[in-house]
Amino acid sequence: MSERSLDTFPRLLQQHAAVRPEHPAIREKDLGIWQSWNWSQVAAEVRALACGLSELGFRRGDSLAIIGDNRPRLYWAMTAAQCLGGIPVPMYQDAVALELEYVLQDAGIRFAIAEDQEQVDKLIECRERSPGLEHILYDDPRGLRHYQQPYIRSLDAVQELGRGRIARQPAFIDAEIDLGKAEDVAIMLYTSGTTGKPKGVCITHSALINAARGGCGFDRLGPDEEILSYLPMAWVGDNLFSYAQSLLAGFTVNCPESGETVMTDMREIGPTYYFAPPRVFENLLTQVMIRIEDAGATKRWMFHYFMDVARRCGAEILDGKRVGSGERMLYALGNVLVYGPLRNVLGMSRVRVAYTAGAAIGPDLFRFYRSIGINLKQLYGSTETCAYVCLQQDGKIKLDTVGIPAPGVEVRIADSGEVLVKSGAMFKEYYKRPDATAETIDADGYFHTGDAGFFDADGQLKIIDRAKDVGKLANGAIYAPNYIENKLKFFSHIREAVAFGHGRDMVCAFINIDIGAVGNWAERRNIPYSGYTDLAQKGEVYALVRECVEKANAELALDPALSASQVHRFLILHKELDPDDDELTRTRKVRRNFVAEKYKVLIDALYSGKTAQFIETQVKFEDGRIGKVSADLRIEEAKTYPPSGVKKAA
Amino acid sequence: MGAGANGGKSIGGVVLGLEGISLAFGGVRALQNVSFDVREHEIRAIIGPNGAGKSSMLNVINGVYHPQEGTVTFNGVKRRDVNTHEAAAQGIARTFQNIALFKGMSVLDNIMTGRNLRMKSGLLAQAIRIGPAEREELQHREAVEQIIDFLEIQAYRRTPVGRLPYGLQKRVDLARALAMEPKLLLLDEPMAGMNVEEKQDMCRFILDVNDQFGTTIVLIEHDMGVVMDISDRVIVLDYGKKIGDGTPDEVRGNQAVIDAYLGVSH
């Protein structure tokens with residue numbers, strides 16, 4: 001074998017199999033026990049799978065749909081497809097058949113790999129209308145024994161076929177890997193589609209490897225890192241962290257037993273490198289807060305006392321700033337009594353680098369994690385930029401920025417305020433959509449992110465909102481809905497908020513309460529309720545939410561530019577916003593326009609001064625049935641504050 | 001969805017036969033001359049209005065009640081009286097309408113109790129966990145882990161059963177019954193009090209148990225949709241008498257059944 005450059009994922013895998021064959025590459029918890037595969041075993045599995053796919057007729061340039069939870073074999077399938085010059089297309093595991101069908105047809109997919117019966121059933125349903133889907137392969141055979149369709153096979157059978165091929169033609173797969181080029185498309189990810197139909201983002205080996213290399217260098221990630229892969233495989237972050245960076249640095253990926261066991265599994269593994277969207281950090285914090293409220297008086301007092309200490313100096317200590325020795329000693333005591341145990345409960349005792357991205361994180365939430373000694377940082381990126389644009393540097397963390405441009409990335413702010421990016425880690429094109437590609441990549445090669453932001457005095461990028469969402473109130477004041485919503489969402493009782501105000505004389509908002517936190521709060525106060533709809537309309541809950549809104553208003557009042565954006569009137573929605581009803585994207589971002597249209601009658605009521613409004617909404621249950629939820633929604637006013645920032649300015 | 005009730009499985013000979021069963025509590029005649037059989041590998045549903053004698057029927061099968069008349073043949077052995085303990089030893093397991101679990105014990109421990117009859121080492125050996133007893137426990141733990149995986153309750157291994165929501169408790173109840181590796185599984189209203197999603201999950205589990213382990217299942221259920229979807233054959237009781245017996249389609253078309261149970265308007 002001649003010396004080859006490590007510019008495709010299959011070659012990276014071969015390299016690890018040669019250099020660190022015994023090093024654990026991937027683990028999966030199965031039947032209560034962690035099973036692991038080392039790099040040489042993974043390489044063998046991937047080769048068998050690739051040869052098996054080839055036996056079934058998988059050709060260079062073919063796409064391979066992958067749908068399911070994070071499972072070792074699904075990751076191997078990605079590399080297997082790449083060995084053959086194919087393109088893996090991971091899909092969201094909770095997507096309904098119709099959404100899958102769109103991708104299957106758009107990408108002209110002939111081969112699909114499903115995790116289990118649930119996904120196979122969806123694919124069979126798709127196949128009725130997309131006959132182009134020739135093969136359905138599955139990982140977990142449970143419940144599938146009696147499926148007689150000739151086009152359904154187990155991955156075991158495929159690997160068996162592959163081993164036959166290897167015995168006959170041992171050189172075949174190496175020759176295929178040799179044919180791979182860095183500029184081949186390595187993966188295709190469909191954008192969540194906040195606007196319009198999803199588009200397939202084609203990412204080359206070289207782009208993804210550039211992003212991985214930059215990130216690994218930036219945070220000095222080596223083969224000894226442990227990462228828990230629990231985020232959807234269809235999401236660019238998982239591809240960067242659990243796939244590309246693991247294959248580049250050679251570190252270990254751990255697949256949890258099931259979606260519900262992530263917390264326990266995380267405690268057992270103790271990852272050193274961790275990624276989660278703000279929502280996960282938020283949920284964790286909510287759970288901690290709920291449990292603390294249920295704890296005994298001494299523990300509660302201890303927790304609150306030391307959290308106050310941490311709030312004063314924790315983040316500064318982590319950043320290596322100067323802190324008085326008295327505070328330092330208190331913090332050290334707190335570390336033994338509260339922060340250490342807390343990090344342990346969260347499974348974050350060994351976390352060296354943690355990142356969050358995907359949505360803005362509340363400053364208080366961010367500071368909470370940093371103050372208890374978790375090196376949580378923010379990064380900025382999108383599917384098109386391989387989640388690799390800006391990263392925060394250790395020791396130079398600001399709460400409201402996303403850091404400096406990552407190595408090899410050029411960031412420019414357009415006159416409109418939009419953030420433009422150029423780097424070696426950029427997508428090649430939108431699949432079969434040259435029009436859309438031309439729209440987002442300009443003649444100079446800059447990608448238009450669609451985000452509005454600016455660089456602060458230290459050269460760190462600050463993102464305020466989506467460029468298209470930033471609007472103006474009727475009086476001309478700037479209105480950034482995300483900014484307001486994020487302020488509201490930081491309160492543990494509020495799960496989701498949608499603000500309105502563009503072209504209006506004031507800002508109003510829809511609120512979704514957090515059923516876990518508010519439910520617990522209600523139980524402790526002996527407030528009976530039958531479900532979300534009932535709880536949401538309780539007077540006590542309204543009072544609770546009003547308090548949160550008013551606190552947010554007080555904070556908004558501090559910023560002269562944003563004080564006009566205080567929320568004047570709000571209502572609590574009668575149902576939770578749900579991706580199944582198209583109100584949220586699969587990554588749980590609000591589809592603002594869709595929600596505004598669907599609940600137009602509520603918006604009208606907010607602005608017409610009514611105190612209540614009846615609404616009936618169609619909802620889709622998880623099994624696909626359709627039902628109706630109706631309620632008389634109360635509308636309440638919140639106190640607003642005069643802009644206090646003005647004084648300082650004067 | 002995918003494989004329906006008859007997804008290619010082969011139904012064998014009769015494993016359980018009931019002949020002329022009559023059961024009375026004083027003047028109340030709970031069952032009157034009821035006969036039916038259950039074949040190997042089938043899902044057999046018993047339906048009927050409240051007080052029709054469905055639970056009594058299950059209690060006769062696993063030996064809680066002893067019928068005044070009639071015989072029960074299980075695995076070719078004819079019997080009149082059998083106690084619950086013997087029934088369990090012969091391979092009959094059941095779940096209960098009002099969950100019968102140890103609320104303060106963890107899910108794992110509860111399911112382990114289902115292995116009790118299969119443990120060979122003595123009380124003392126188990127208590128101090130010496131050599132063979134430890135090996136045996138590991139073996140049983142492995143079997144239990146298979147069931148935990150099967151019923152997808154990995155997240156709750158260490159959770160006390162009393163803290164779980166109702167639908168999950170039902171699932172643990174089923175897990176405990178399955179841990180016995182029964183030949184015949186009796187399910188008393190496995191879906192009572194569940195929401196649609198929980199019911200759907202439970203249906204899938206019942207079908208999977210039947211399919212993967214080949215367990216013969218007798219179930220009582222009120223949800224007609226569920227019964228008609230998953231059972232191979234249905235028996236209908238009314239006031240302690242059998243008024244219908246056959247495939248779901250046959251039962252659906254049976255006039256006596258329609259009048260008695262499903263309502264005349266159907």
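Phi angles of region A:44-54 translate, via the Karplus equation with coefficients 6.51, -1.76, 1.60 and θ = phi - 60°, into HN-Hα couplings of 5, 4, 5, 4, 4, 5, 4, 5, x, 4, 5 Hz per residue; Gly and Pro are given as x. The antiparallel fraction among DSSP beta bridges confined to the protein assembly as shown stands at about 60%. Identify the residues of region B:192-230 with backbone N under 17 Å of a label point that sits 7 angstrom from the Cα of residue B:10 along the Cα-to-Cβ direction, or state none. Only B:211-216 fall inside the zone, counting backbone N under 17 Å. Listed by chain and number, the aspartates and glutamates whose alpha-carbon sits under 17 Å from that of residue A:472, ignoring those within fewer than 8 places in the same chain, are A:418, A:451, A:485, A:505, A:559. Of A:222, B:38, A:246, which is farthest towards the positive pole of the protein assembly as shown's charge dipole, taken about the Cα centre with +1 and -1 on the beta-carbons of Lys, Arg and Asp, Glu respectively? Working it through, the farthest residue towards the positive pole turns out to be A:222. With r defined as the distance between the Cβ atoms of residue A:616 and residue B:197 and R0 fixed at 22 Å, what FRET efficiency is calculated, to the nearest 0.05? For residue A:616 and residue B:197, the calculated efficiency is 0.45.
Viscosity 1.002 mPa s, temperature 20 °C: what is the translational diffusion coefficient of region A:23-148 from Stokes-Einstein with a Kirkwood Rh over Cα pairs, rounded to a whole number of µm²/s?
Approximately 143 µm²/s, per Stokes-Einstein.
Is the protein assembly as shown best put as rounded, prolate or oblate by its Cα gyration tensor, with a ≥ b ≥ c the root eigenvalues, rounded for a/c under 1.5, and otherwise prolate when a/b is larger than b/c, oblate when not? Note, shape of the protein assembly as shown comes out prolate. For region A:55-92, the set of trypsin sites (Lys or Arg not before Pro) satisfying both a DSSP loop assignment and a count of at most 14 other C-beta atoms within 10 Å is given as A:59, A:60. On the principal axes of its alpha carbon atoms, region B:1-115 extends 42, 41, 31 Å, with the longest extent given first.
Taking the alpha-carbon centroid of each part, what is the distance from region A:497-563 to region A:85-151 in angstrom? That distance is 41 Å.
Here is the list for region A:505-585: trypsin sites (Lys or Arg not before Pro) lying in DSSP coil, each with at most 13 other C-beta atoms within 10 angstrom of its C-beta, are A:525. Among the lysines, select those whose C-alpha is under 19 Å from the C-alpha of residue A:396, and discard any that sit fewer than 8 residues away in the same chain. Reachable lysines: A:321, A:377, A:462.
Checking the Cα-Cα distances for A:598/A:628; A:29/B:170; A:181/A:428 against a 18 Å cut-off, the pairs over it are A:29/B:170.
The slack in the chain from residue A:105 to residue A:443, taken as 0.36 nm per residue of separation less the alpha-carbon distance, amounts to 118.6 nm. Contact order, relative form, for region B:17-159: 18 percent (alpha carbon pairs under 8 Å, 6 or more residues apart, mean separation divided by residue count). If you take the beta carbon distance between residue B:83 and residue A:527 as r and set R0 to 41 Å, what does 1/(1 + (r/R0)^6) give as a FRET efficiency, to the nearest 0.05? Once rounded, the FRET efficiency stands at 0.25.
The label point for residue B:29 and the one for residue A:475, both projected 7 Å from the Cα toward the Cβ, are 8.6 nm apart. Could you tell me which of rounded, prolate or oblate describes region A:9-272, using a ≥ b ≥ c as the square roots of the eigenvalues of the alpha-carbon gyration tensor, with rounded for a/c under 1.5 and, failing that, prolate when a/b is larger than b/c and oblate otherwise? Rounded, because the longest to shortest axis ratio a/c is under 1.5. In chain B, excluding the sites themselves, the longest stretch lacking any of the trypsin sites (Lys or Arg not before Pro) that are in a DSSP loop with at most 15 other Cβ atoms within 10 Å is B:159-266. Panel note: contact residues of region A:11-37 (accessible area lowered by at least 30 Å² against the chain on its own; 1.4 Å probe) correspond to A:31. Between the alpha-carbon centres of region A:567-599 and region A:206-244 there is a gap of 32 Å. Shown for the protein assembly as shown: the carbon plus sulfur share of the solvent-accessible area, taken with all protein chains present and a 1.4 angstrom probe, equals 52%. Compared with its chain on its own, region A:256-270 contains the following residues whose accessible area drops by 20 Å² or more in the full protein assembly (probe 1.4 Å; ligands, DNA and RNA excluded): A:257, A:260, A:261. Approximating the spin labels as points 7 Å out from Cα along Cα→Cβ, the residue A:59-to-residue A:36 distance works out to 4.2 nm. If you plug the beta carbon distance of residue B:222 and residue A:179 into 1/(1 + (r/R0)^6) with R0 = 56 Å, you get a FRET efficiency near 0.35.
Volume per residue for region A:446-498 equals 131 cubic angstrom (convex hull of Cα atoms).
Using the Karplus relation 6.51 cos²θ - 1.76 cosθ + 1.60 with θ = phi - 60°, the per-residue 3J(HN,Hα) values for region A:22-32 come to 8, 6, x, 9, 8, 10, 9, 8, 9, 6, x Hz, with x marking Gly and Pro.
For region A:85-196, just say rounded, prolate or oblate: build the C-alpha gyration tensor, square-root its eigenvalues into a ≥ b ≥ c, call rounded for a/c under 1.5, and beyond that prolate if a/b exceeds b/c, oblate if not. Judged from the Cα gyration tensor, region A:85-196 comes out oblate (a/c at least 1.5, b/c at or above a/b).
Within chain A, the longest segment free of exposed loop sites, counting GluC sites (Glu not before Pro) that fall outside DSSP classes H, G, I, E and B and have at most 16 other Cβ atoms within 10 Å, spans A:184-621. The residues of the protein assembly as shown expose on average 42 square angstrom of accessible surface per residue, using a 1.4 Å probe on protein heavy atoms. Extension gain for residue A:639 to residue A:597 (0.36 nm times residue separation, less C-alpha to C-alpha distance): 12.4 nm. Remark on region B:117-159: accessible area falls by at least 30 square angstrom from chain-alone to full-complex state for B:145, B:149, B:154, B:155, B:157, probe 1.4 angstrom.
Between residue A:607 and residue A:455, the distance separating the two model label sites (each 7 Å from Cα on the Cα→Cβ line) works out to 3.9 nm.
Close amide H pairs (under 5 Å, H built 1.01 Å from N) link residue B:79 with B:72, B:73, B:74, residues at least 5 positions away or on another chain. Remark on residue B:219: its backbone amide H falls under 5 Å from those of B:44, B:45, B:46, B:187, a criterion applied only to residues 5 or more positions apart or on other chains, H modelled at 1.01 Å from N.
The chymotrypsin sites (Phe, Trp or Tyr not before Pro) of region A:150-233 that meet both conditions, a loop assignment by DSSP and at most 16 other Cβ atoms within 10 Å of the site Cβ, are A:151.
For region A:387-505, relative contact order (Cα pairs under 8 Å, six or more residues apart, normalised by length) works out to 18 percent.
With a cut-off of 8 Å between alpha carbons and a minimum separation of six or more residues, what is the relative contact order of chain A in percent? Provide the component values of the computation, followed by the final result.
Numbers: 1225 pairs, mean separation 59.6, N = 650.
Worked out over chain A, it gives 9 percent.
Am I reading the A/B interface right? What is its buried accessible area, both sides, 1.4 Å probe, to the nearest 100 Å²? Adding both sides of the contact gives about 1700 Å². By the rule of a C-alpha distance below 19 Å, with chain neighbours fewer than 8 residues away ignored, the lysines paired with residue A:551 are A:487, A:489, A:639.
The values are calculated or read from the model by the stated rules, or taken from the named source; none is laboratory data. Because the structure is a prediction, the values reported are computed rather than measured. Reconstructed Cβ throughout: ideal geometry from the backbone, glycine too, with neighbour counts over all protein chains shown. Surface areas here come from the heavy atoms of the whole protein model, side chains and all, with no ligands, DNA or RNA. Shrake-Rupley method; radii C 1.70, N 1.55, O 1.52, S 1.80 Å.
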